[in-house]
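**Student:** Attaching a single structure in structure tokens format; questions to follow.
The values are calculated or read from the model by the stated rules, or taken from the named source; none is laboratory data. Worth saying up front: this structure is predicted, and the values here are computed from it rather than measured. Virtual Cβ from ideal backbone geometry, glycine too; neighbours counted across all protein chains shown. Calculation scope for accessible area: heavy atoms of the full protein, side chains included, ligands and nucleic acids excluded. Shrake-Rupley method; radii C 1.70, N 1.55, O 1.52, S 1.80 Å.
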Amino acid sequence: MRARYGVPLGIMAAGAAGLAYSVGFEARSFRLRRVTVPVLPPGMGPLRVLQVSDIHMVSGQHKKQRWLRSLAGLRPDFVINTGDNLSDPEGVPEVLDALGPLMEFPGAYVFGSNDYYGPKLRNPARYLLEKTSGRHGLNGNAPAVGVVHNPWEGLRDGFDEAGWLNLTNTRGVLKVEGVSIELTGLDDPHIKRDRYARVAGGPSGTYDFSLGVVHAPYLRTLDAFTADGYPLVLAGHTHGGQLCIPFYGALVTNCDLDTDRVKGLSTHTAEGNTSYLHVSAGCGTNRYTPVRFACPPESTLLTLVERR
């Protein structure tokens, strides 16, 4: 009798312990990643960029709000928000409150699909099926129906009022300590809102440094930014895989990016050009899957230095 039931009970106990850890501890174990990127022109001093992404705020997430407010103590030169701030239609005031201290610094933002639409309960196995079929988001799948529309306009107005640049399929310029930074952004490719033709042509050459910003790192957008000569592209969306296997890594990226580049700093090559790519693992989760395993929530402080 013991042999018959001991193994299944052991597996169930291990599974329950893993679930309790991933929900109760790791999903709220916020980290700061520090990365150095050699992309600046010779002679330019370092720039410190704080990237926040995939907050997925749900009303009442006080620990996450406190941690986001504390990031202002890093005193970055500027802030880039790569989208998916919401996972709750009631979360706009709490996002703006949590990011309030960071909005004292120059900054810019793009939106992700969860800023526009509320999440739906779905089987996590669908991410694996979408990976094998090459269909992600609205890129190959049927349009979403019956979705909740988030009040993203309030989020936009709050960011704009603070002086952050809205990079929705457009360009903008930040002035930081006498340095001019040209930013080119796209709306979310995951729901086919990207319009690269509106911003094509690459860096203008009239500013000290240029970079690209997008929520979901779909290959078509990375190819376009890289072919146009942007030295650095910042993205989010992947959650770093969210549920990873220790010593192996992520199983999915929720887009057509390979799992080797699911988070952190890497490179991308297109048409003979090579760009640095940084993908943030983000600091939140979909409200219906509030779990992380071997992939703690994070934001990243990137120090940009002279290129080699």
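**Student:** Would you please put 150-158, 173-181, 109-117, 206-214 in order of how densely packed they are, using the mean number of other Cβ atoms within 10 angstrom per residue and starting with the highest?
**Tutor:** Top to bottom by mean Cβ count within 10 Å: 109-117, 206-214, 150-158, 173-181.
**Student:** Please work out the FRET efficiency for the pair E161 and L74, using the Cβ-Cβ distance as r and a Förster radius of 25 Å; give the result to the nearest 0.05.
**Tutor:** Calculated value: 0.65.
**Student:** On the protein heavy atoms, probe 1.4 angstrom, tell me the percent of accessible surface of the chain carried by carbon and sulfur.
**Tutor:** Taking all protein chains in place, the chain shows 55 percent carbon and sulfur surface.
**Student:** Still on this structure, please answer the following. Past 22 Å, Cα to Cα, is the threshold; run K64/K263; K131/K192; K131/K263 against it and keep the listed order.
**Tutor:** Too far apart for the 22 Å limit: no listed pair.
**Student:** Once the Cα atoms of segment 72-150 are picked out, what are the Rg and Dmax in Å?
**Tutor:** Both quantities, over Cα of segment 72-150: 16.1, 44 Å.
**Student:** What would the Debye equation give as log₁₀ I(q)/I(0) for segment 230-279 at q = 0.17, 0.27, 0.31 Å⁻¹, counting only Cα atoms as equal point scatterers?
**Tutor:** Scattering profile of segment 230-279, log10 relative to I(0): -0.51, -1.01, -1.18.
**Student:** Under a Cβ-only charge scheme (Lys and Arg +1, Asp and Glu -1), can you give me the dipole magnitude of segment 130-278 about the Cα centre, in debye to the nearest 20?
**Tutor:** That gives segment 130-278 a dipole magnitude of about 320 debye.
**Student:** So, one more: Over the chain, with a Gaussian network built from C-alpha contacts below 10 Å, which listed residue (L50, L234, L129) shows the highest mean-square fluctuation?
**Tutor:** Maximum among the listed residues: L129.
**Student:** Over the residues of segment 60-204, compute the C-alpha Rg and express it relative to 2.2 N^0.38 Å. Don't skip to the end; give the middle numbers.
**Tutor:** Details: Rg = 16.9 Å, N = 145, 2.2 N^0.38 = 14.6 Å.
Expressed relative to 2.2 N^0.38 Å, the Cα Rg reads 1.16.
**Student:** Run through the DSSP bridge list for the chain and note the antiparallel percent, rounded to the nearest 5. Display every interim value, and only then the final one.
**Tutor:** Details: 22 of 53 bridges.
Looking only at bridges with both residues in the chain, the antiparallel portion is about 40 percent.
**Student:** For segment 95-135, what is the accessible area per residue in Å² when the probe is 1.4 Å? Don't jump to the answer; show the numbers that get you there.
**Tutor:** Numbers: 1950 Å² over 41 residues.
On a per-residue basis, 48 Å².
**Student:** At 1.4 Å probe radius, can you tell me the per residue accessible area of segment 230-275 in Å²? Don't skip to the end; give the middle numbers.
**Tutor:** On the way: 2010 Å² over 46 residues.
Computed with neighbouring chains in place, this is 44 Å² per residue.
**Student:** Taking just the alpha-carbon atoms of the chain, what radius of gyration and Dmax come out, in angstrom?
**Tutor:** According to the Cα coordinates of the chain, Rg and Dmax are 19.6, 77 Å.
**Student:** Using a simple charge model, +1 on the beta-carbon of Lys and Arg, -1 on the beta-carbon of Asp and Glu, nothing else, what dipole does segment 84-204 show about its Cα centre, in debye to the nearest 20? All intermediate terms of the calculation are to be shown ahead of the outcome.
**Tutor:** Details: 12 positive and 17 negative charges, 180 e Å.
Here the size comes out at about 860 debye.
**Student:** Using the Cα centre of the chain as the reference point, and only Cβ charges (+1 on K/R, -1 on D/E), how large is the resulting charge dipole? Debye, rounded to the nearest 20.
**Tutor:** Around 1160 debye, computed over the chain.
**Student:** Oh, and also: Pick out, from H268, P296, G282, the residue whose Cα sits farthest towards the positive end of the charge dipole of segment 263-308, with +1 on the Cβ of Lys and Arg and -1 on the Cβ of Asp and Glu.
**Tutor:** P296
**Student:** Moving on. Once every DSSP H run of n ≥ 4 in the chain is given -39500 (n - 2.57) and the sum is divided by its residues, what mean residue ellipticity at 222 nm do you get, rounded to the nearest 500 deg cm²/dmol?
**Tutor:** The helix-only estimate for the chain comes to -7000 deg cm²/dmol at 222 nm.
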